Amino acid sequence: MENIIKSANARLTEVLALWDNVDTITVIHFGENRLDPNFMVSYDVYLTGIIPSAEEREKLFHFGTMFETSVDDGKDRFMIDDLPVRVEYKNRDHVEKQILAAADAGRGIRDESTYGYFRLVHSAVVFSRTPWRDQMVRNLSSIPREYWENRTKRLRSRMEHYLGDLTAALYGDDQFFYLISLAGFLNSVCALIFAVNREFETAPRSISSVVQTLPVQPPEFAGRFTNLLRDDTAVSRVRKRELAQLIARSMLYL
């Protein structure tokens, strides 16, 4: 598997390194092997300015098959042999601005997931034109305590908001609103636990397993969280709302 990914790295880098506006290319992969439905090799291309059109990129990545791109032109997906590949184009200056704002305790920053920071820190560099990425990683390593405190406050408020929505949906017997409220509650709780631990959020496909291994978490969280994820009738909607309330209360004492 390692040799296959190395081959893909080389073929992509050969194309992308010819773009003068590309600064850094990193790669990270998910899943254990190609039989894993979550398996994917994902590249982040940090650059300035514009990128070639989707039609041009499809021609440049002529070694790929099943090429498709997102509506906003920010991501390409294709196969290299039987290897699923995703290439995401990220504006270097925007990323740097977000990181500098985080270093300033998060002032003036949108309340986004920290997954982008996780990717920047934990991905492997396959091409770099400047030491920009290393500098960004150093900046992220010195984020002040105030940033995490501010983020924790915002996420706690969001968690409580979704708990209120969940309660309203339950007693209003609104199945759709109930499902999206439960999803929002779960997402905000997990993000809050990562923030309390001062950890950047991992990939969405692995959050449910990683969050339960973090050292600081509410008592009895794992069991309650697992029951909230169940989609059978063994745990009623009323009981799930009770479990959500217990998690929210325990988070306040964390």
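Computed from the coordinates by the stated procedures, all read-outs in this text should not be read as laboratory data. Source: prediction; values computed, not measured. Counting neighbours? That spans all protein chains shown, and the Cβs are built from the backbone with ideal geometry, glycine included.
For this structure, a couple of remarks:
- Kirkwood radius, the stretch 2-141, all distinct C-alpha pairs, inverse of mean reciprocal distance: 15.9 Å.
- Residue-averaged 222 nm ellipticity for the chain, from DSSP H runs of 4+ at -39500 (n - 2.57), nearest 500: -16000 deg cm²/dmol
- Within the chain, longest stretch free of exposed trypsin sites (Lys or Arg not before Pro) [DSSP loop, at most 12 other beta carbons within 10 Å]: 111-229
- With a simple spin-label model that places each label point 7 Å from the Cα along the Cα-to-Cβ direction, the separation between ASP174 and PHE67 comes to 4.5 nm.
- Taking GluC sites (Glu not before Pro) in DSSP loop states with no more than 15 other Cβ atoms inside 10 Å as exposed sites, the chain has its longest site-free stretch at 113-219.
- Over the stretch 145-252 - Rg/Rh using Cα atoms and the Kirkwood inverse-distance radius: 0.96
- Length-normalised contact order for the chain - Cα pairs under 8 Å, 6+ apart - percent: 15 percent
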